[in-house]
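The values are calculated or read from the model by the stated rules, or taken from the named source; none is laboratory data. The shown structure was predicted, so the numbers you read here are calculated from the model rather than taken from an experiment. Here the Cβ is made from the backbone with ideal geometry for all residues, glycine too, and neighbour counts use every protein chain on show.
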C-alpha cells in the first residue's frame, strides 16, 4: 500500500479503532492504496464525548476569535494545493485539473466562512417606547456531517468551516471509499490551531452512520449522497429529534431549443455530462431536444469524442459502479435506443486495472426507459426528443428529482418561461452545470433534498445555529401602551 492504514481522529488523537478494516482502492489503476477502519457505535460514542467536552470552551469564544483558525486554514489549503489535488485524484479517480478545481472551491467555501462575523450579527430594535427586542444566534451543539465519495475535499468543506465557525463542534463521517482527504483536512486544521475535540473524524460504513443518526448527544446531521440513503438518514435522524438536512440524487434535464448557440451548447452539454466522469449530482444526464436540433447533437458528439479516458476524463469510483453504469447503457439499447457515442469496454494503456467508461451519448430514449428516469452517475447522456417546450417541461417536471435543470436558447422570453416553470432548485440558462457560487447556497427540490434550509451559503446560518430573542424594559417611567 502507498499509504499506511488510516485511523479515526477523536479528542485530538489518532486511533480508536475497533479492529475491522476495509481496503481503499484507487480507481485510476485498481490498486489498494490504504485501509480504512469500519467504526462501531462505541467509536462514534467516543467521538461524541470528545465533541461534547470541547463544546463549552469553543462555543464561548467570540466568533471573531473562532474564525481566525479558518483564515490560517485557508492559507494552508493554498500552500498544499497541489498535494491536496493529487490526493483527490488518487483516491477518487478525477483528473488533476478537476481535482484542482475542487480544492479551489474548497478555498472559496473557507473564504465565505471567514465572512460569517459580518453576516450573523443579529438584530436589535426599540419596538415600543422603553422596550427593546434583540435577536442573537447561538451554536446548536454537537453536529455531524456525512459526506460522499465524489468530492472528497469540497463537500467536507461545505460543512466544516461554517458549522465550526458558528460555534458548533463536529463529527465528520467521510465516505469509506475516499477517506484520505478527510484525514489530511484534519491535519491542516490542527496545524491551523483548531482545539482538540472540535472536529472528530469517524470512518466507517452503515454502522457508523446509524450510530450518528441515533446518538442522543448529536443535535444536527447533514448528509450528501444518494436519494435512497438520504431518505433513510433523514427519517432516522428526525426520529431521534435531530435537526436534519439530507441532499440526495438528481436527474438533471438540459432543454435544448432550436435557436440555441450551437458551439456553446455542444461544449457545455459535453462538459456537464462528462465532468468528474459524470459522478456529480449536477451532471447532465438527460437532454431534451426540442424540434430540429440535429446539428447541435452532431456537434455534441464531436465534442464528446474529444474527451478521452485517462487523459481528460477520470475514472469511475469502483468496478461495481462501472458495471452498473454499463448495464444502464446495454439495457437502453435493448429497449430500442440508439447509441451515437459508445464509451463501454474502455481500457486505458498503462492503467489497465483502472475503472473507466468513455463519454456515451444515447439517442431515441423514451421517458419510460429506466435510463431516462434513474440517476446513472456516469458520463452518459440520454437524449429524448419532443416537439414543444411544454412537452420538454412535462418530462422534466415528471421526474421525482429536482436538483437542477438548464435551458439553452438565445431567447430571453423562452429562457424565463422555462426557468419559471421547471421544478428544480438550481436553474441554468446556457450553463450546463448551474452551481450557485457563494454566498448563494447549494440545494435542490423534491427528492433531491430532505429537510429545510441549506448547509452552504448565507442561508446555512439558519441551519447551523439557533435563535434567541430577548425583550428588555428598563425605564418604568417611559410612556406605555399595549405593547409595553
Lone unmet requirement of (1) without any contact (Cβ under 8 Å) to a residue 60 or more places away in the chain; (2) outside the structural domain of residue 459 (by TED's automatic domain parsing); (3) under 24 Å from the mean Cα position of the chain (by Cα) for residue 295: (3)
Hits in region 187-231 - residues which are surrounded by 16 or more Cβ atoms within 10 Å (Cβ to Cβ) and free of Cβ contacts under 8 Å to residues at least 40 places away in the same chain: 213, 229
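Going residue by residue through region 14-33, is there one that turns out to be surrounded by 20 or more Cβ atoms within 10 Å (Cβ to Cβ) and either out of contact with any helix residue (DSSP H, G or I) (no Cβ under 8 Å at 6 or more places or on another chain) or not assigned by TED's automatic domain parsing to the domain that holds residue 171 (or both)?
Let us first name the residues in region 14-33 that are surrounded by 20 or more Cβ atoms within 10 Å (Cβ to Cβ), namely 16, 24-28.
Still in the running and either out of contact with any helix residue (DSSP H, G or I) (no Cβ under 8 Å at 6 or more places or on another chain) or not assigned by TED's automatic domain parsing to the domain that holds residue 171 (or both): 25.
Yes; the residues of region 14-33 include at least one that is surrounded by 20 or more Cβ atoms within 10 Å (Cβ to Cβ) and either out of contact with any helix residue (DSSP H, G or I) (no Cβ under 8 Å at 6 or more places or on another chain) or not assigned by TED's automatic domain parsing to the domain that holds residue 171 (or both).
So which of 286, 250, 237 is surrounded by 24 or more Cβ atoms within 10 Å (Cβ to Cβ) and farther than 24 Å from residue 313 by Cα? Step through it out loud before you land on a result.
Details: 286 fails: farther than 24 Å from residue 313 by Cα; 250 fails: farther than 24 Å from residue 313 by Cα.
None of the other options fit; the residue is 237.
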Test set (1) in contact (Cβ under 8 Å) with a residue 60 or more places away in the chain; (2) closer than 30 Å to residue 417 by Cα; (3) assigned to a loop (DSSP other than H, G, I, E, B) - residue 353 fails condition number: (2)
Identity of the residue in region 81-90, crowded, with 17+ Cβ neighbours inside 10 Å and out of contact with any strand residue (DSSP E or B) (no Cβ under 7 Å at 6 or more places or on another chain), that ends up nearest to residue 354 (Cα to Cα): 89
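Looking at the structure I just gave you, is residue 453 on the phi < 0 side of the Ramachandran plot, outside any strand (DSSP E or B) and in contact with a helix residue (DSSP H, G or I) (Cβ under 6 Å, 6 or more places away or on another chain)?
On the way: on the phi < 0 side of the Ramachandran plot: no; outside any strand (DSSP E or B): yes; in contact with a helix residue (DSSP H, G or I) (Cβ under 6 Å, 6 or more places away or on another chain): yes.
Against the criterion (on the phi < 0 side of the Ramachandran plot, outside any strand (DSSP E or B) and in contact with a helix residue (DSSP H, G or I) (Cβ under 6 Å, 6 or more places away or on another chain)), residue 453 does not qualify.
Looking at region 282-304, is at least one residue more than 21 Å from residue 365 (Cα to Cα) and modelled with pLDDT of 95 or more? Working first, answer last.
Within region 282-304, the first condition is being more than 21 Å from residue 365 (Cα to Cα), and the residues that meet it are none.
Among the residues of region 282-304, not one is more than 21 Å from residue 365 (Cα to Cα) and modelled with pLDDT of 95 or more, which makes the answer no.
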